[in-house]
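The structure appears below as structure tokens.
The values are calculated or read from the model by the stated rules, or taken from the named source; none is laboratory data. Because the structure is predicted, anything quoted here is derived from the model rather than measured. Neighbour counts are summed over all protein chains in view; Cβ atoms, including those assigned to glycine, are modelled from backbone coordinates with ideal geometry. Side chains are part of the model used for accessible areas, which takes the heavy atoms of the whole protein and leaves out ligands, DNA and RNA. Shrake-Rupley method; radii C 1.70, N 1.55, O 1.52, S 1.80 Å.
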Amino acid sequence: MKGHSLKAWFLATRPWSFPASAMPVFVTLAYLQWLQRDVDWLVGLWALANVVLFHAAANTWSDYFDFKKGVDREDTVGGTSLTSGEFRPKEIFTLATVLMALSVASGVLLLLCTGLPTLYIGLAGCLFILLYPWLKYHALGDVDIFITYSILPILGTSYVATGYFFLEVMWLTIPVGLITVGILHINNTRDIEHDRRAGITTFAMLAGGTLSVLFYFFEILFPFVWVVYNIVYGFFPWWSLLVLIALVPAIACLVRAVRFLSGGAEELYGVDEMTAKLQLVFSLLFTISFLVAGFLG
């Protein structure tokens, strides 16, 4: 791996997307703390690092297959490590393999420090990462993302940080997971024509432009409704109303999505990154709400 700076290798992993994998871990740890569970934060943070490593491997793995499949070309928007000619396909494939190997090695050590269920969560994560390109090309990428970056890390964090599966954490999967799926969905909405040219089928293609924008509205707005509902019924503390502050970046994302209907794909350039930032803000506020509520009793 010569000829590229460390920064270039790092940027090839698309680090702007890492909040999608990191924040479910933070939110879960804080939620468990609010529930007064015995949380091992050191192991939890180890799990966080492992999840982000897996995410980096998944990004490069996906970029490699998108390039080989012809989904990503010189005129497409998004990951440009291959389409710009900066990296050769073999280099990105090697990077993906190295990152996956490091993730697996870290996961094995985490397994030895926790228990057998960690193995099942890890194997499921590996499987969904490896299958993601195929699932994406057959309109199931959104489902894969929800499982990989919501259900698995939230359940896995619950186990490795406490030694038990607390089903209460499943309440977190909806708000955290939907915004994460929104990152992929708005990206695929922007790329409907490019993806059709490549001969693949995404959920956004099946839905069409107008319905895709409506789905994006649901993915961005329903998490706020879900949080308020759970506050009313006592599953979240009143402090979780803090997430309503994130309506500001959420509305900015939705305004851009509406413009797509009249202005075309160019209106969605950068909206996937805006959605990732929304995920970061929403989840940080969510995390803070549990920590504050736990501290104040």
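Details
- Against the list (1) surrounded by 15 or more Cβ atoms within 10 Å (Cβ to Cβ); (2) closer than 30 Å to Q36 by Cα; (3) of a type in the set (V, I, T), the condition V213 fails is (2).
- Some residue of the stretch 265-276 being open to solvent by less than 40 Å² (accessible area, probe 1.4 Å), farther than 28 Å from L140 by Cα and not charged (D, E, K, R): no
- Qualifying residue in the stretch 216-237 (condition: over 18 Å from I174 (Cα atoms), open to solvent by 10 Å² or more (accessible area, probe 1.4 Å) and over 21 Å from the mean Cα position of the chain (by Cα)): no
- Helices (runs of 4 or more DSSP H) completely within the stretch 190-297 that count 3 or more residues being without any contact (Cβ under 8 Å) to a residue 40 or more places away in the chain: 209-232, 247-263, 271-296
- Helices (runs of 4 or more DSSP H) completely within the stretch 67-164 that count 3 or more residues being free of Cβ contacts under 8 Å to residues at least 24 places away in the same chain and out of contact with any Pro (no Cβ under 6 Å at 6 or more places or on another chain): 89-113, 117-137
- Condition check for S106: open to solvent by less than 70 Å² (accessible area, probe 1.4 Å) and of a type in the set (S, T, Y): yes
- Selection within the stretch 35-45 - in a helix (DSSP H, G or I) and out of contact with any Leu (no Cβ under 6 Å at 6 or more places or on another chain): W41, L42, V43, L45
- Test: G125 is among the small types (G, A, S) and either within 20 Å of T275 (Cβ to Cβ) or surrounded by fewer than 21 Cβ atoms within 10 Å (Cβ to Cβ) (or both): no
- Top-ranked residue in the stretch 188-210 [being open to solvent by 60 Å² or more (accessible area, probe 1.4 Å) and among the basic types (K, R); ranked as nearest to the chain's Cα centre (by Cα)]: R196
- Residue, nearest to L35 (Cα to Cα), within the stretch 238-253, restricted to residues that are surrounded by 16 or more Cβ atoms within 10 Å (Cβ to Cβ) and small (G, A, S): S240
- Single match in S5, S17 (criterion: polar (S, T, N, Q) and over 22 Å from P175 (Cβ atoms)): S5
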